[in-house]
Each structure stands twice: as structure tokens, then as C-alpha cells.
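Reading through the C-alpha cells given below for one structure.
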Amino acid sequence: ARHRFIFCVLGDEAVGDAMSQLVREKNLNGVAVDVRRGRALGEIGDCDVLYVSAGDGERLEAVIKQAQASPVLTVSDAAGFARRGGMIELYLEGQRVRFAVNVKAVRSAGLEPSSKLLALARIVDH
């Protein structure tokens with residue numbers, strides 16, 4: 001049985017701080033949630049979800065490539081993230097946060113996106 005759900009943050013400290021506050025003393029279906037920051041590329045496979053900030057753009061390609069070797073859900077606010085092989089890209093449309101999903105990238109990691117999630121997303125098929 002799993003002991004921890006690991007949410008990793010690369011780059012933006014504010015996102016790491018916000019996630020730590022959000023999940024403090026909470027669990028996900030009975031599993032404790034850990035927020036880890038500044039992971040080395042070789043440790044990405046330990047993550048369940050990996051958030052990469054747009055400010056960490058110079059490492060983006062390497063991060064995507066490394067994450068593709070494991071069932072890690074990758075999320076970023078970097079422009080073009082989903083098109084470049086990332087899984088979920090967050091972007092602003094007016095005042096609203098929207099998201100794009102690269103279904104092929106999600107499925108190739110052995111993950112299956114829910115139909116409810118896809119109904120709300122802009123689909124990227126590159």
C-alpha cells in the first residue's frame with residue numbers, strides 16, 4: 001500500500017509555499033500528501049505530480065524528457081508546455097485560468113485522463 005502522494009515543484013517558490021499550505025495535514029483518499037521542491041532531474045520519477053514553473057523554462061525540455069520515463073503527471077504554466085510534450089498546461093484567458101491537456105503524453109505515461117477533465121480542457125494532440 002502507498003504511504004505518500006508526492007507533489008513536486010520545480011522553480012516557483014510561491015507555488016511550493018501555496019501547495020504546502022493547501023495540503024498541510026490533509027490526505028488524498030487516505031494517503032498523506034508530501035510537497036517537495038527543487039528536485040534534481042534524476043529524482044523526478046519519485047513524484048506523482050510534477051509542477052514546473054514557467055520561470056524554469058531553460059530546463060523544460062530536459063524535465064519533460066526525464067518525466068516521460070515514469071508515470072508522473074506533469075503540469076506547468078510555461079507557454080507551449082503541452083505542445084512540447086508536457087501533460088497539462090495552465091494559461092490565462094482573460095481573468096480565468098484555463099488548461100490544455102496533451103492526451104497522448106498523458107496516456108503514454110500509463111495514465112488515463114477522465115472524461116470530465118477533458119470536457120473542460122483545450123486538447124493538444126502533438
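Selection of the stretch 67-91 for residues being in a loop (DSSP other than H, G, I, E, B) and within 16 Å of L117 (Cβ to Cβ) yields A82, G86, M87.
Residues are listed down the side, and each one gets a yes or a no for (1) under 10 Å from the mean Cα position of the chain (by Cα); (2) of a type outside the set (S, T, Y); (3) farther than 18 Å from I123 by Cβ:
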| residue | (1), (2), (3) |
| --- | --- |
| L41 | no, yes, yes |
| V49 | yes, yes, yes |
| Q66 | no, yes, yes |
| S70 | no, no, yes |
| V75 | yes, yes, no |
| R84 | no, yes, no |
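If I ask for residues that are buried (at least 16 other Cβ atoms within 10 Å of the Cβ) and under 18 Å from D48 (Cβ atoms), which ones from the stretch 64-80 would you list? Selection gives I64, Q66, A67, Q68, V72, L73, T74, V75, S76.
Of the residues making up the stretch 1-14, those that are of a type outside the set (K, R) and more than 12 Å from the chain's Cα centre (by Cα) are A1, H3, F5, G11, D12, E13, A14.
Against the criterion of being surrounded by fewer than 17 Cβ atoms within 10 Å (Cβ to Cβ) and not small (G, A, S), E61 qualifies.
Go through the residues of the stretch 97-110 one by one and say whether even a single one is in a strand (DSSP E or B), surrounded by 13 or more Cβ atoms within 10 Å (Cβ to Cβ), without any contact (Cβ under 8 Å) to a residue 40 or more places away in the chain and out of contact with any Leu (no Cβ under 9 Å at 6 or more places or on another chain). Yes - at least one qualifying residue is present in the stretch 97-110. Is it the case that A32 is within 20 Å of R84 (Cα to Cα), small (G, A, S) and in contact with a strand residue (DSSP E or B) (Cβ under 7 Å, 6 or more places away or on another chain)? So A32 fails the test.
Of all residue pairs spaced 6 or more apart or on separate chains, those with beta-carbon atoms under 7 Å, a first member in the stretch 37-62 that is closer than 21 Å to Q21 by Cα and a second member that is assigned to a loop (DSSP other than H, G, I, E, B) and modelled with pLDDT under 90 are C47/R39; V52/G11; S53/G11; S53/D12. Total residues in the stretch 28-39 satisfying the condition of being modelled with pLDDT of 80 or more, surrounded by fewer than 14 Cβ atoms within 10 Å (Cβ to Cβ) and either within 14 Å of the chain's Cα centre (by Cα) or closer than 15 Å to E13 by Cα (or both): the figure is 0. Note on the stretch 40-53: residues that are of a type in the set (A, V, I, L, M, F, W, C) and surrounded by fewer than 16 Cβ atoms within 10 Å (Cβ to Cβ) amount to 2.
The values are calculated or read from the model by the stated rules, or taken from the named source; none is laboratory data. Here the structure is a predicted model, which is why all the values come from computation and not from measurement. Note: ideal-geometry Cβ built from the backbone for every residue, glycine included; neighbour counts use all protein chains shown.
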